[in-house]
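The values are calculated or read from the model by the stated rules, or taken from the named source; none is laboratory data. Just so you know, these numbers come straight off a predicted model, no measurement behind them. Don't worry about glycine lacking a Cβ; one is built from the backbone with ideal geometry, like all the others, and counts go over all protein chains shown.
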């Protein structure tokens with residue numbers, strides 16, 4: 001019985017040894033494959049993290065745009081309908097013109113390689129547009145032309161800008177047509193027209209009063225019927241675009257005094273770099289001045305804009 005037991009032990013030991021060697025071989029064979037799978041998952045996770053950050057930015061910008069326009073859109077249209085009536089009097093038209101560089105944010109699709117696949121991520125880009133206004137004798141119309149044809153109409157922002165400019169200057173525009181021309185890069189497919197409201201108001205006042213606008217200044221912000229400047233999205237991207245163009249002073253709504261930025265954080269996972277984007281609220285002026293290098297002033301109303309931007 002002892003010899004049989006010893007033989008059984010030897011057989012069991014041999015089986016265990018073969019099993020161990022087999023497992024070691026399997027691990028050695030599968031390890032590179034598993035590592036490749038982990039690397040692919042890490043890449044996908046990092047890409048999804050980036051997409052999530054961009055989507056949050058776009059959602060925040062969209063919410064700001066809606067807040068700045070939806071609550072008073074019908075009010076603007078009803079009040080501005082008064083100025084759109086054909087002129088039946090002999091009120092003389094007003095000749096004038098003004099132009100400015102306007103910062104904007106547009107969307108583009110970035111292609112990112114993920115292993116054998118190409119992923120598409122929608123990102124926000126800062127850019128500049130040239131916005132000009134011309135006033136001339138006419139029938140009290142407000143007209144807008146965009147080049148190229150942009151995805152979001154500027155008409156409501158233009159109407160509101162002219163309404164505020166009319167009230168601020170006291171000008172009778174029933175015999176004057178106001179033409180806005182907005183020119184951007186060919187790759188711009190859609191921009192937020194309402195964010196140029198304050199700038200278009202400044203242009204209108206400068207044209208009506210024949211004043212000169214400081215070329216070192218630009219601004220972003222909505223405008224309401226009382227001349228208040230509201231918050232917009234994409235402020236960091238706009239500041240960067242203005243700085244790149246050579247603008248040295250950036251006017252920003254007081255409502256944008258705190259902004260959300262996303263810090264890139266990395267976590268080591270089995271030798272791989274896992275990326276996350278963590279939101280953080282910061283004071284806008286300090287952040288933009290330190291990271292972009294452009295002077296920032298807060299504005300609350302069109303009067304604040306005029307005090308800074310008109311010579």
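Data for the structure
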{"read-out": "Criterion (surrounded by 24 or more Cβ atoms within 10 Å (Cβ to Cβ), at pLDDT 90 or above and over 27 Å from residue 143 (Cβ atoms)) met by exactly one of 235, 248", "value": "235"}
{"read-out": "Residue within the stretch 137-148 that is surrounded by fewer than 19 Cβ atoms within 10 Å (Cβ to Cβ), closer than 23 Å to residue 252 by Cα and either modelled with pLDDT of 70 or more or touching a helix residue (DSSP H, G or I) at 6+ places or on another chain (Cβ under 7 Å) (or both) present", "value": "no"}
{"read-out": "Yes/no for residue 263 being surrounded by fewer than 21 Cβ atoms within 10 Å (Cβ to Cβ), within 17 Å of residue 196 (Cα to Cα) and either touching a strand residue (DSSP E or B) at 6+ places or on another chain (Cβ under 7 Å) or without any contact (Cβ under 8 Å) to a residue 60 or more places away in the chain (or both)", "value": "no"}
{"read-out": "Close pairs from the stretch 284-311: first without any contact (Cβ under 8 Å) to a residue 12 or more places away in the chain, partner surrounded by 15 or more Cβ atoms within 10 Å (Cβ to Cβ), Cβ under 7 Å, at least 6 apart", "value": "289/295; 289/296"}
{"read-out": "Flag for residue 126 being farther than 28 Å from residue 215 by Cα, buried (at least 17 other Cβ atoms within 10 Å of the Cβ) and modelled with pLDDT under 95", "value": "no"}
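This table checks each residue for (1) crowded, with 21+ Cβ neighbours inside 10 Å; (2) touching a helix residue (DSSP H, G or I) at 6+ places or on another chain (Cβ under 7 Å); (3) within 21 Å of residue 106 (Cα to Cα).
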| site | (1), (2), (3) |
| --- | --- |
| 241 | yes, no, yes |
| 244 | no, no, yes |
| 254 | no, no, no |
| 257 | no, yes, no |
| 267 | no, no, no |
| 274 | no, yes, no |
